[in-house]
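Scroll down for the structure; my scribbles are underneath it.
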Amino acid sequence: VKYRQITDKKGDRFQIVLDRTPFYAESGGQVGDQGWLTNGAETVKVLDTKKENDLIVHFVDRLPSQFDATF
């Protein structure tokens, strides 16, 4: 649904918010899920998942090719 680019000590990454997700977000000291988002032939690696401001945020290495809403 939304995305933004971030730069931190790990380098350039992207954050994606989806309308729903199977990924568990980091919470209460537990580690957030990692994995892959797949749409047809395109695959994006999810490096981490965290809850921020009541949103589940997926940290990814790149954006899917068709993504146009920023937050």
Expressed as a percent, the accessible surface of segment 1-52 that is carbon or sulfur, using a 1.4 Å probe and the full set of protein chains, is 45
Extension length gain for Lys45 and Asp12 (0.36 nm per residue less Cα distance), in nm, is 10.5 nm
Rg from C-alpha atoms of the chain, normalised by the globular rule of thumb 2.2 N^0.38 Å, equals 1.05
Result for the chain: accessible area per residue, probe 1.4 angstrom, in square angstrom, of 70
Taking trypsin sites (Lys or Arg not before Pro) in a DSSP loop with at most 15 other Cβ atoms within 10 angstrom as exposed, one finds the longest site-free stretch of the chain at 21-61
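The values are calculated or read from the model by the stated rules, or taken from the named source; none is laboratory data. For clarity, every value in this text was computed on a predicted model and none was experimentally measured. Reconstructed Cβ throughout: ideal geometry from the backbone, glycine too, with neighbour counts over all protein chains shown. Ligands, DNA and RNA are excluded from the accessible area calculation, which covers all protein heavy atoms including side chains. Shrake-Rupley method; radii C 1.70, N 1.55, O 1.52, S 1.80 Å.
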